[in-house]
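Asks: The structure under discussion is supplied below as C-alpha cells; questions concerning it will follow.
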Amino acid sequence: MSTEKPLFPPLLRRIGLRLGAALPALFCVILFTFIMMRVLPGDPAVYFASGPNAGQAEIQELRHRMGLDAPMLVQFLHYLENLATGDLGRSLTTGQSVAQDMHDRLPASLELTLTALAFSLLISLPLGLTSAWWSGSIYDQCVRAFCSACFCIPPFVSGILLVYVFYYWLGVAPDPTGRINIFLPQPPRVSGLLLIDSALAGDWTAWHEAAGQLVLPALTMALFVIAPLTRMTRAAVISVLGADYIRTARAMGLPTWRIMIVYTLRNALMPVLTTVGIVFSTMMGANVLVEKIFSWPGVASYALDALVSSDYAPVQGFILLMACLFILVNLVIDLLLGVLDPRVSVE
Amino acid sequence: MAGYAVSRRTFLSTTLGGGISLGFASPGAALAQSRRETLRHVTGGAVNTLDPTMLGSTRESFGLSMSVYDRLMTFGSRSIGDFSTFDPQALKGELAESCDVSPDQRTLTLHLRDNAVWHDGTPVTAEDIKWSLDRCVSANSLARPQFSSGSMSSAEQFRVAGERTLEISLPKPDRLAMANLAMPYAIMVNSRLARQHATSDDPWAQQWLQHNTAAGGAYRVGAFRPGVNVTLDRHEDWHGGNRPFFERIISQTVPEATTRAGLIERGDADIVIDLEAYDIMALSRRGKVRIDSIVQSNCFTHLAFNTQSAPFDNVLVRRAIALAIPYQDLFAASIFGRGRPLYGADWSGHAPAPDFPQPLPFAQNIRKARELLAQAGHPDGFQTTFSYATSQTTTAEPMAALIQEALGHIGITVRIDKLPDAQFNTMQARRQLDFYTDTAAGWIEHAYYFFYLYFTRDQRWNFSNWNSPRMVQLVEKARFETDEAAYVAECQAMLELLVDQVPLILLWQPNMDAVTVPDLTGFIYQYYRQVDFRTLARS
C-alpha cells in the first residue's frame, strides 16, 4: 500500500504548473491587444459622441470619462489595476460592463460551438474511420470529395443557403434569430446553456425551441470543420492499421467491429483529440459570421461590433477571454490524452 | 455506498420534480398573449441605453425612448399621398396640455395634463418637470448642447408657477425653444424615483437611468437586453395621445439585412425600416409586403469638400466639380431613384423659397467645368481622394465609381478610400478628409437651424469646415429674428450664398422605406428616423 502514489497531488501540481507557465503569455496578450487597439485609427469618443449637436466639448468629455486623455502608460497601469479586481471595463456599444456582457454572451457561444463540435464529430469520426478502412476505394474518394466541398464553402455562404432553403423556402426551420423563439420566455438561468437550463426547469417547449434554433447554425459551423477532423481521423487510423497488434488481432480472428472500434479507433484518437482542441478554440473566435447570420447573441459578433466602432474594452476583454479559453482547452485536452494513453501523463 | 446512491437519487428527483413543478407554475403568459396584439420590430442597430441623453446613445435608443418617455411637446403628422410624415409646423402638447407664448415671445407657460401619471402610478407634478428640465441643461449629456440651440442653458430659466404650471423664460425670443421641448433628448423623468438612485457623484441618476426607467410614456420597458432585444408593455394609464393598439412590442436586433427581409416576407416580423435598396426592390416585385416609401424631408446626402485646404479652398475648383458631377446617374445607380433629388432646380440668383434642404440649381456641364478648372489654375487637373464609410458601402460604392469616372473627364484623378466607420468619423472630426460623402439629418426643420448646424462654427457637423463670416452673420441674425419677412429674406440669402460658394454639393434626400406585413397600418416617418410604435396598428 505504501508504494501506491497519491493520485491528486501530481495532477494538481501539473495543472498548477501549466497555468503558471501561461501567465507570461497572458500578459503579452493583454499588452499586445491594449497597444493594438490604440494604434488603430479610430477614436471611440468621436464615434460615440455622434448625436446631432454633439460638438468638441462632448467628445472631450467622453474621452475624459473613458480615461483616454491620460498618457498611454498610465492608461495601461490603470487597465491592469482594474483587471486585477476583475473589472474588464465598460462597453459603449451595449452600455454594460464587459464582464456582464461576457457573462451574458459566453454561454450562447459555448452552446453553439459545443453543439457544432458534437455534430462534426458525429459525422467525421465514422467517415474518417471507414474511409481509412477502405482506403483507396471509390467510397474513400467520395468522402474526400465531400470533405473538399465542405471546406470550400465558406460558412457565410453555407449559412445563408441553409437559411434560404430550410427557413425561407421550405419553412421547416424556425426563424434564424437568436437562441430561442422570441415570443417564448427564457428559462431561468442556471448554467446559461439553454438546453440545460430548460431541461432543469422542465420546460420542454423551451428545450425543443432552443434545440430547433441550434440546428442550422451548428450545422453551418460543423460543415466547415468536418474536413480537418475527417482527414485527421483517416490519417491516424491508417497509421494504426499498419501496427503489429492490429495484424495480430486480425490473425486471431477477432470480429471486425471490435478491431475497428476498440483497437484502431481508440489508439488513433490521440491526434484527433489534439485537433479537436485546436478546432474548438478556432471555432469560438471565428464563428462571428455564423453568429451574425443567425443573430446569435454570442461573444464573437459582440467583439466584431466593438471592433468596428473602436470600442476598446470589449475587444480587449474578448481577446483575453479567448486566450484564457485556449489555455484551458489545451489543458483539458492534455489531461484527456493522459486518460487515453497513460504514457502521456508520466512526467 | 447505498447511502450515496439514495441521496443522489433523492437529489435528482427533487431537482427534477422541483423543476417540473416550476415549469407548470410559470404562467407561459407570453405564449398565451395573442400574436395579434404583439408587434415584432427587427433592426440592424441596437439600443444601448434607456436614457437617450447619454453620451454615446444610439439612434435606436432615441427611437425607443419616444415610446417610453413623454416630452412636454410633440410634433403632429400630415399625410403625403398614401403615407404619413411628421409635421414640423404642428407642435402640440404631449405631457403638457398646452403651451402659451407671451407677447414678447420670451416666456413659455406650460400647463400639464391633469390626468398624467408615471408608470408607478404617482401623478406627474410641476416639480418633476422642473427637475427634468434642470437635468437637461445641467447634467453632462447630449441634451445640454441641444437645449442651448433653443436658448435654454440654465436651471434658473425654469420656474414652477403652480401645481401644474411651469414657466420657461428666454433671454431672447428664440424660434427653436418650443421645438426643443419635443426633441428625443427632452425626456420628462419621474424625479422622486430617479432621485432615490442619485448619488453625490451622479446627482442626475445618469448611471441608474441607463438600465432603468423613471418614465410615464405610452410603454414601459419589460426586458432590456442590450444589443439583443427590448420588450415593451403598454402603459394603460397613458393619456399623452391616442391609446396605442399594441399591448406588447418586441424590438429585436437582427444584424443581417437579408434575414430581416426574409422575416418580414414570411410574416414572422412586422416592421423593419433598415433594409438594403436591392432587398426592397425584390420585395416590392414579389408584392407580399407593404412598403411605405417616404422622402426623409429633414435629411440630405451630400458631397463635402475640406474648404480650408488646397485645392478645395479655391471656390472655382468647387464650382468646377459641382458642374462635373453626373447627378442623374448617381441618383439612379446609388439609391435606384428612391428619393428626392436636391439638384437640377431651374432658378438662378434669387432663391424662390426659404426652405432647406431644397433642390439647388446644379447640373452637369463638362465643358464649363473644364473652363473653371483652368481658370482655377489646374488646367491639367490634380489628384485627390474620395472617402466614404464602410456602413455606406451599398450606396457610396457606385457613387464613388461614377464620380471617379466623371472627374476623370476634367483631368482630376480620384483615388477611392473606403474607411471603417470609427476611422471615417475620427478623420472627419479631425478635418483629414478632403472630399467625401455623408448623410445628415436635422431634427428641427427650420432652414436657419440647418445652416447653424452644418455650415457654421468649428465643429464636427460643419462637414466642409466652412468658415464664412457672412453665413455666421446671417445665422446669428435669423435665430432671434421676430419679423417673419426678414427671417425669410435671411434664409434665402443663406441659400444663395451656399449656391455661390459651394462648400458642399447637395445630392438627394433618400426615402425611408418602412417595410411591414400587409395588415400593419399607421406608420409615420419621424424626424429621428426610427419607428414610433405608438401609432402602429393592425387592420
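Asks: If you take the residues of segment B:513-535 that are out of contact with any helix residue (DSSP H, G or I) (no Cβ under 8 Å at 6 or more places or on another chain) and open to solvent by less than 10 Å² (accessible area, probe 1.4 Å), which of them is farthest from B:Ala351 (Cα to Cα)? Step through it out loud before you land on a result.
Replies: Of segment B:513-535, the ones out of contact with any helix residue (DSSP H, G or I) (no Cβ under 8 Å at 6 or more places or on another chain) are B:514, B:518-521, B:525, B:527, B:535.
Applying the additional criterion that residues be open to solvent by less than 10 Å² (accessible area, probe 1.4 Å) yields B:514, B:520, B:525, B:527.
Details: B:Ala514: 33, B:Leu520: 41, B:Tyr525: 28, B:Tyr527: 25 Å.
Checked segment B:513-535; the qualifying residue farthest from B:Ala351 (Cα to Cα) is B:Leu520.
Asks: Please go through segment B:276-288 and give me each residue that is open to solvent by 20 Å² or more (accessible area, probe 1.4 Å) and in contact (Cβ under 8 Å) with a residue 24 or more places away in the chain, ordered by number.
Replies: Correct list: B:Glu276, B:Ala277, B:Tyr278, B:Met281, B:Lys288.
Asks: Without any contact (Cβ under 8 Å) to a residue 12 or more places away in the chain and surrounded by fewer than 19 Cβ atoms within 10 Å (Cβ to Cβ), is that true of B:Asp329?
Replies: no
Asks: I'd like to know if segment A:299-309 contains one or more residues that are over 22 Å from A:Gly178 (Cα atoms) and buried (at least 19 other Cβ atoms within 10 Å of the Cβ).
Replies: Yes, some residue in segment A:299-309 is over 22 Å from A:Gly178 (Cα atoms) and buried (at least 19 other Cβ atoms within 10 Å of the Cβ).
Asks: Here are the criteria: (1) farther than 16 Å from A:Phe224 by Cβ; (2) surrounded by 15 or more Cβ atoms within 10 Å (Cβ to Cβ). Tell me which single one A:Pro155 does not satisfy.
Replies: (1)
Asks: Of all helices (runs of 4 or more DSSP H) completely enclosed by segment B:277-390, which ones contain at least 3 residues that are closer than 19 Å to B:Phe435 by Cα and in contact with a Leu (Cβ under 9 Å, 6 or more places away or on another chain)?
Replies: B:315-324, B:327-335, B:366-375
Asks: Can you name the condition, by its number, that B:Asn115 falls short on among (1) over 23 Å from the mean Cα position of the chain (by Cα); (2) in a helix (DSSP H, G or I)?
Replies: Status for B:Asn115: all satisfied but (2).
Asks: Quick check on segment B:402-438: of everything there that is among the charged types (D, E, K, R) and assigned to a helix (DSSP H, G or I), which residue is surrounded by the most Cβ atoms within 10 Å (Cβ to Cβ)?
Replies: B:Asp421
Asks: Still on this structure, please answer the following. With respect to A:Ala286, is the statement that it is in contact (Cβ under 8 Å) with a residue 40 or more places away in the chain, among the small types (Gly, Ala, Ser) and under 26 Å from A:Cys28 (Cβ atoms) true?
Replies: So A:Ala286 fails the test.
Asks: For a quick check of your reading: which helices (runs of 4 or more DSSP H) sit entirely within segment A:239-309 and have at least 2 residues that are away from chain B (no Cβ under 14 Å)?
Replies: Output list reads A:244-251, A:266-286.
Asks: If I ask for residues that are within 9 Å of another protein chain (Cβ to nearest Cβ) and modelled with pLDDT of 50 or more, which ones from segment B:19-46 would you list?
Replies: Result: B:Gln33, B:Arg35, B:Thr38, B:Arg40, B:Val42, B:Ala46.
Asks: Let me ask you something else. Name every residue in segment B:262-275 that is in contact (Cβ under 8 Å) with a residue 60 or more places away in the chain and open to solvent by 10 Å² or more (accessible area, probe 1.4 Å), in order of residue number.
Replies: Listed by number, the residues that qualify are B:Gly267, B:Asp268, B:Ile273, B:Asp274, B:Leu275.
Asks: Turning to a different aspect of this structure: Has segment B:73-82 got any residue that is farther than 27 Å from A:Ile59 by Cα, free of Cβ contacts under 8 Å to residues at least 24 places away in the same chain and of a type in the set (A, V, I, L, M, F, W, C)?
Replies: no
Asks: Another question about this same structure. Taking the criterion of being within 12 Å of chain A (Cβ to nearest Cβ), modelled with pLDDT of 90 or more and open to solvent by less than 10 Å² (accessible area, probe 1.4 Å), would at least one residue in segment B:156-172 satisfy it?
Replies: no
Asks: It is to be established whether one or more residues within segment A:315-338 are at pLDDT 85 or above, open to solvent by 20 Å² or more (accessible area, probe 1.4 Å) and within 14 Å of chain B (Cβ to nearest Cβ).
Replies: Yes: segment A:315-338 contains one or more residues that are at pLDDT 85 or above, open to solvent by 20 Å² or more (accessible area, probe 1.4 Å) and within 14 Å of chain B (Cβ to nearest Cβ).
Asks: Still on this structure, please answer the following. Could you tell me whether segment A:72-85 includes any residue that is at pLDDT 85 or above and under 24 Å from A:Ala286 (Cβ atoms)?
Replies: Scanning segment A:72-85, I find no residue that is at pLDDT 85 or above and under 24 Å from A:Ala286 (Cβ atoms), so the answer is no.
Asks: Looking at A:Gly171, A:Gly178, which one is under 30 Å from B:Gly267 (Cβ atoms), under 20 Å from the mean Cα position of the chain (by Cα) and at the interface with chain B (Cβ under 9 Å from one of its Cβ atoms)?
Replies: A:Gly178
Asks: What single numbered condition from (1) assigned to a helix (DSSP H, G or I); (2) open to solvent by less than 20 Å² (accessible area, probe 1.4 Å) fails to hold for B:Thr258?
Replies: For B:Thr258, the exception is condition (2).
Asks: Can you name every residue in segment A:53-97 that is open to solvent by 80 Å² or more (accessible area, probe 1.4 Å) and within 14 Å of chain B (Cβ to nearest Cβ)?
Replies: Matches in segment A:53-97: A:Gln56, A:Gln60, A:His64, A:Arg65, A:Arg90.
Asks: Return the pair list, or none, for Cβ contacts closer than 8 Å from residues in segment B:484-499 that are assigned to a helix (DSSP H, G or I) to residues that are of a type in the set (S, T, N, Q), at least 6 apart or on different chains.
Replies: Listed pairs, sorted by first residue: B:Leu495/B:Gln358; B:Leu497/B:Ser468.
Asks: Is it true that some residue in segment B:208-224 is in contact (Cβ under 8 Å) with a residue 60 or more places away in the chain, open to solvent by less than 10 Å² (accessible area, probe 1.4 Å), of a type in the set (Ser, Thr, Tyr) and more than 24 Å from B:Arg529 (Cβ to Cβ)?
Replies: Looking for residues that are in contact (Cβ under 8 Å) with a residue 60 or more places away in the chain, open to solvent by less than 10 Å² (accessible area, probe 1.4 Å), of a type in the set (Ser, Thr, Tyr) and more than 24 Å from B:Arg529 (Cβ to Cβ), one finds none in segment B:208-224, hence no.
The rows are residues; the columns are (1) within 20 Å of B:Gly227 (Cβ to Cβ); (2) surrounded by fewer than 19 Cβ atoms within 10 Å (Cβ to Cβ); (3) more than 14 Å from every other protein chain (Cβ to nearest Cβ).
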site	(1), (2), (3)
B:Pro52	yes, no, no
B:Gly63	yes, no, no
B:Ser67	yes, no, yes
B:Gly76	no, yes, yes
B:Ile80	no, yes, yes
B:Thr85	no, no, yes
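Asks: Using the structure shown, decide if A:Ala235 is assigned by TED's automatic domain parsing to the domain that holds A:Ser281 and closer than 24 Å to A:Ile180 by Cβ.
Replies: The answer is no for A:Ala235.
Asks: Still on this model: Within segment A:232-257, how many residues are basic (Lys, Arg) and surrounded by fewer than 21 Cβ atoms within 10 Å (Cβ to Cβ)?
Replies: 2
Asks: Return the pair list, or none, for Cβ contacts closer than 9 Å from residues in segment B:115-136 that are touching a residue at least 24 places away in the same chain (Cβ under 8 Å) to residues that are basic (Lys, Arg) and not in a helix (DSSP H, G or I), at least 6 apart or on different chains.
Replies: Pairs that qualify, where the first residue is touching a residue at least 24 places away in the same chain (Cβ under 8 Å) and the partner is basic (Lys, Arg) and not in a helix (DSSP H, G or I), are B:Ala116/B:Arg164; B:His119/B:Arg220; B:Val124/B:Arg113; B:Val124/B:Arg164; B:Thr125/B:Arg164; B:Ala126/B:Arg164; B:Lys130/B:Arg159.
Asks: Please go through segment B:302-313 and pick out each residue that is open to solvent by 10 Å² or more (accessible area, probe 1.4 Å) and either touching a strand residue (DSSP E or B) at 6+ places or on another chain (Cβ under 6 Å) or over 19 Å from B:Asp458 (Cα atoms) (or both).
Replies: B:Pro311
Asks: Which one is surrounded by the fewest Cβ atoms within 10 Å (Cβ to Cβ), of the residues in segment B:243-255 that are in contact (Cβ under 8 Å) with a residue 12 or more places away in the chain and not in a strand (DSSP E or B)?
Replies: Per the criteria, the residue is B:Glu247.
Asks: May I pose another question? Checking A:Leu106 against (1) in contact with a Gly (Cβ under 8 Å, 6 or more places away or on another chain); (2) in contact (Cβ under 8 Å) with a residue 40 or more places away in the chain; (3) not assigned by TED's automatic domain parsing to the domain that holds A:Pro217, which test does it fail?
Replies: Going through the list (1) in contact with a Gly (Cβ under 8 Å, 6 or more places away or on another chain); (2) in contact (Cβ under 8 Å) with a residue 40 or more places away in the chain; (3) not assigned by TED's automatic domain parsing to the domain that holds A:Pro217, A:Leu106 breaks only (3).
The values are calculated or read from the model by the stated rules, or taken from the named source; none is laboratory data. Keep in mind it's a predicted model, so treat the numbers as computed, not measured. For neighbour counting, all protein chains shown are included, and Cβ atoms are generated from backbone atoms with ideal geometry for every residue, glycine included. Remember, those area values only see protein heavy atoms, side chains included, never the ligands or the DNA or RNA. Shrake-Rupley method; radii C 1.70, N 1.55, O 1.52, S 1.80 Å.
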